[in-house]
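Enquirer: Could you have a look at this structure, given as structure tokens, before my questions?
Just so it is clear, none of the values below were taken in a lab; they were calculated from the coordinates. Given the structure is predicted, the values throughout are model-derived calculations rather than measurements. Backbone-built Cβ (ideal geometry, glycine too); neighbour counts: all protein chains shown.
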Amino acid sequence: QVQLVESGGGLVQPGGSLRLSCAASGSIFSIPVMGWYRQVPGKQRESVASITSGSRPNYADSVKGRFTISRDNANNTVYLQMNSLKPEDTAVYYCNALVVLVHSSGPSPSWGQGTQVTVSS
């Protein structure tokens, strides 16, 4: 009922920048929280950043000062601007949204399919 479509991953050199986008579609009433997670093979998925519908952001310590999360509520889209990228930022990045569907009783999480970010020279 909800689809999250990500874009913007790729290969970048250390110190470079990338911008990820994620658009949510479906029978959506509201999206209280949208965010980004990342995962590398053999490790747990970790939260990178999140943002409320009131545009209050939250960041993992490892990305503070380098990444900026923002959202467009009118278009149910969340962005992640990643600057000063490091090799340790290499991971599959997943969009996550806490979605309240039309006619639903409460919010439920939805995930995108993931987009690869590789930071390498």
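Enquirer: Just flag the trypsin sites (Lys or Arg not before Pro) in segment 17-121 sitting in loop per DSSP whose Cβ has no more than 13 other Cβ atoms within 10 Å.
Expert: Within segment 17-121, the qualifying trypsin sites (Lys or Arg not before Pro) (loop, at most 13 other Cβ atoms within 10 Å) are 43, 64.
Enquirer: Let me ask something else about it. Kindly provide log₁₀ I(q)/I(0) values, in the same order as q = 0.12, 0.14, 0.23 Å⁻¹, from the Debye equation applied to equal alpha-carbon scatterers of segment 53-121.
Expert: Computed log10 I(q)/I(0) values: -0.41, -0.54, -1.20.
Enquirer: Within segment 79-121, whose backbone N sits under 13 Å from a point 7 Å along Cα→Cβ of residue 17?
Expert: Zone members listed by number: 80-85.
Enquirer: Express in whole angstrom the spacing between the alpha-carbon centres of segment 89-116 and segment 22-74.
Expert: If you average the Cα positions of each part, the centres end up 9 Å apart.
Enquirer: Residue by residue through segment 31-45, what is 3J(HN,Hα) from phi via Karplus (6.51 cos²θ - 1.76 cosθ + 1.60, θ = phi - 60°)? Round to whole Hz and write x for glycine and proline.
Expert: Listing the rounded values in order: 10, x, 9, 10, x, 10, 10, 9, 8, 10, x, x, 10, 6, 5 Hz.
Enquirer: Cβ under 14 Å from residue 60's Cβ, residue 60 left aside: what net charge do those residues give with Lys, Arg +1 and Asp, Glu -1?
Expert: +2
Enquirer: Mean-square fluctuation check for the chain, GNM, Cα pairs under 10 Å: which of 24, 74, 60 is largest?
Expert: 74
Enquirer: Take residue 113 and residue 29, extend 7 Å from each Cα along the Cα→Cβ direction, and tell me the distance between the two endpoints in nm.
Expert: Placing both labels 7 Å along Cα→Cβ, they lie 2.9 nm apart.
Enquirer: Ok, one more. Which ³J(HN,Hα) values, rounded to whole Hz and listed in residue order, are derived for segment 64-79 from phi using the Karplus coefficients 6.51, -1.76 and 1.60 in 6.51 cos²θ - 1.76 cosθ + 1.60 with θ = phi - 60°, glycine and proline given as x?
Expert: Running phi through 6.51 cos²θ - 1.76 cosθ + 1.60 with θ = phi - 60° gives 4, x, 10, 9, 10, 9, 8, 8, 10, 5, 5, 10, 6, 10, 10, 10 Hz.
Enquirer: Quick one: length gained pulling residue 66 to residue 84 fully straight, 0.36 nm per residue minus the C-alpha distance?
Expert: That pair, residue 66 and residue 84, stretches by 5.9 nm at full extension.
Enquirer: Based on the alpha carbon coordinates of the chain, what radius of gyration and maximum Cα-Cα distance (Dmax) apply, in Å?
Expert: In order Rg, Dmax, the Cα atoms of the chain give 14.1, 49 Å.
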